[in-house]
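The values are calculated or read from the model by the stated rules, or taken from the named source; none is laboratory data. Keep in mind that this is a model prediction, so the values were computed, not measured. Neighbour counts run over all protein chains shown; Cβ positions are idealised from the backbone, glycine included. These accessible areas exclude ligands, DNA and RNA; they are computed on the full protein's heavy atoms, side chains included. Shrake-Rupley method; radii C 1.70, N 1.55, O 1.52, S 1.80 Å.
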There are 2 protein chains.
Amino acid sequence: MGATNEAGDWLDGVKWDERGLVPAIAQERGTGQVLMMAWMNRDALRLTRETGHAVYWSRSRQRLWHKGEESGHQQVVFGLRLDCDADVVLLEVEQKGGIACHTGRHRCFFRELQDEGWVAVEPVLKDPNAIYAKG
Amino acid sequence: MGATNEAGDWLDGVKWDERGLVPAIAQERGTGQVLMMAWMNRDALRLTRETGHAVYWSRSRQRLWHKGEESGHQQVVFGLRLDCDADVVLLEVEQKGGIACHTGRHRCFFRELQDEGWVAVEPVLKDPNAIYAKG
């Protein structure tokens, strides 16, 4: 991911919202599939670059969330992009374990709008109880 | 895009934020490129389905924004997905004119993080002044 800019001014190039967050979209290297969208604060984005692994800000837990910290399903980051308004980040990632979603599916966008409403169209690859089993 | 569910209860399946919005990611059919992320309210999502063209909610203008209404760069919608938390929507679109970004680029994610910071790595395909020229 390259050396960190000493001044960290690349982080100032991001337009953080009133909560100090930006949406971060994780797209899978190779397949191009959009795996998930989560949020990052300044520390999360800095750590993502420094570690080369996706780090998000968990709004529900109000803490940094090193993706895969419990599940092992880390995201190795190959590239970072910023949009025209500087308020959305796009990550190119390799998904460890092939499972991005806490439901045990490959990706979080597993529901498709059909005539009858939102329908799950992708299989559960691993039982979430097995993913998050406590020691 | 199929018939609209009379009850509109598919719209209740979305977890709208405190402003009544959800992030909506537009991904290009065929290339898989993530073109942009914008926001939708309930009416925008309903109209997106009904018209088959992406309709967003402009936070800056506080009104519905039929993508391409000025530029002609509409997005034809081929599919809609919802994520596991029901708070992010993913659109599969065909980008009319090949330009999604108001800067005249193919997509909004044209800046890449390099050692020196965010660098524009995609060309301007059309002068924005020509795109948005007033009659």
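Numbers at a glance
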quantity	calculated
Charged-residue dipole, Cβ positions (Lys, Arg, Asp, Glu), the protein assembly as shown about Cα centre, Debye nearest 20	100 debye
Bins of 10 Å from zero: percent of alpha-carbon pairs in region B:69-132	20, 35, 32, 13, 0
Net lengthening on full extension, B:F78/B:K96 (0.36 nm per residue, minus Cα-Cα)	5.2 nm
Nearest residue to the symmetry axis between B and A, taken on chain B by its Cβ, in whole Å	B:G32, 2
Estimated dipole of region A:20-135 in Debye, rounded to 20 [Cβ of Lys and Arg +1, of Asp and Glu -1, Cα centre]	480 debye
Relative contact order %, chain B, counting alpha carbon pairs below 8 Å whose residues are six or more apart	21 percent
Cβ-vector label at 7 Å, B:D17, separations to other copies in nm	0.1
Karplus-derived HN-Hα couplings along region A:30-35 (A = 6.51, B = -1.76, C = 1.60, θ = phi - 60°), whole Hz, x at Gly and Pro	x, 7, x, 5, 7, 8
Label distances, nm, A:E94 versus same residue in remaining copies, Cβ-directed 7 Å point	3.6
Amide H contacts of A:V88 (H built 1.01 Å from N, under 5 Å, at least 5 apart or other chain)	A:D83
Chains B and A, summed buried accessible surface - 1.4 Å probe, Å², nearest 100	3500 Å²
Selection of chymotrypsin sites (Phe, Trp or Tyr not before Pro), region A:66-135, meeting DSSP coil and at most 14 other Cβ within 10 Å	A:Y132
Loop-located trypsin sites (Lys or Arg not before Pro) in region B:49-135, at most 14 other Cβ atoms within 10 Å (DSSP)	B:R59, B:R61, B:K134
Region B:54-109: relative contact order as a whole-number percent, Cα under 8 Å and 6+ apart	23 percent
Cross-link pairs A:K96/B:K15; A:K96/B:K67; A:K15/B:K67; B:K96/B:K126; A:K15/B:K96 - those with Cα-Cα distance over 25 Å	A:K96/B:K15; A:K96/B:K67; A:K15/B:K96
Helix A:42-51 axis, angle to chain A major axis (alpha carbon atoms, nearest 10°)	80 degrees
Position A:R42, label points 7 Å along Cα→Cβ, spacing to each other copy in nm (shortest first, one decimal)	3.7
Chain A - percent of accessible surface contributed by carbon and sulfur, probe 1.4 Å	47 percent
Distance (nanometres) between label positions extended 7 Å along Cα→Cβ at B:T51 and A:L11	4.1 nm
Viscosity 0.890 mPa s, temperature 25 °C, Stokes-Einstein D of region B:6-69 from Kirkwood C-alpha radius, µm²/s	198 µm²/s
The protein assembly as shown: radius of gyration and largest Cα-Cα distance (Dmax), Å	18.4, 67
Equivalent ellipsoid semi-axes - Cα gyration tensor, chain B, angstrom	27, 18, 14
